[in-house]
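Before any comments, here is the structure.
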């Protein structure tokens, strides 16, 4: 697992690599490896950054 999750900041957009149906997510916070993301079809989810490497989305 890389440190890409550590670079995620509030306001950035991401996708969950194993939950495509959740849609686009916007990072709400990234504190101590716990990343809170608000996904368009799943709502607010807290992700353990050590377990899941979120995929940044730059072209919205």
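Nothing in this text is a laboratory measurement; each read-out follows from the coordinates by a stated rule. Not measured: the values here are computed from a predicted model. All Cβ positions, even for glycine, are placed from backbone atoms using ideal geometry, and neighbour counts span all protein chains on display.
As a length-normalised measure over Cα pairs under 8 Å and 6 or more apart, the relative contact order of the chain settles at 35 percent. For the pair residue 52 and residue 20 in one chain, pulling the backbone fully straight at 0.36 nm per residue adds 10.2 nm over the alpha carbon distance. At residue 9 and residue 59, where each label point lies 7 Å from the Cα along Cα→Cβ, what is the point-to-point distance in nanometres? The modelled label-to-label distance comes out at 2.3 nm.
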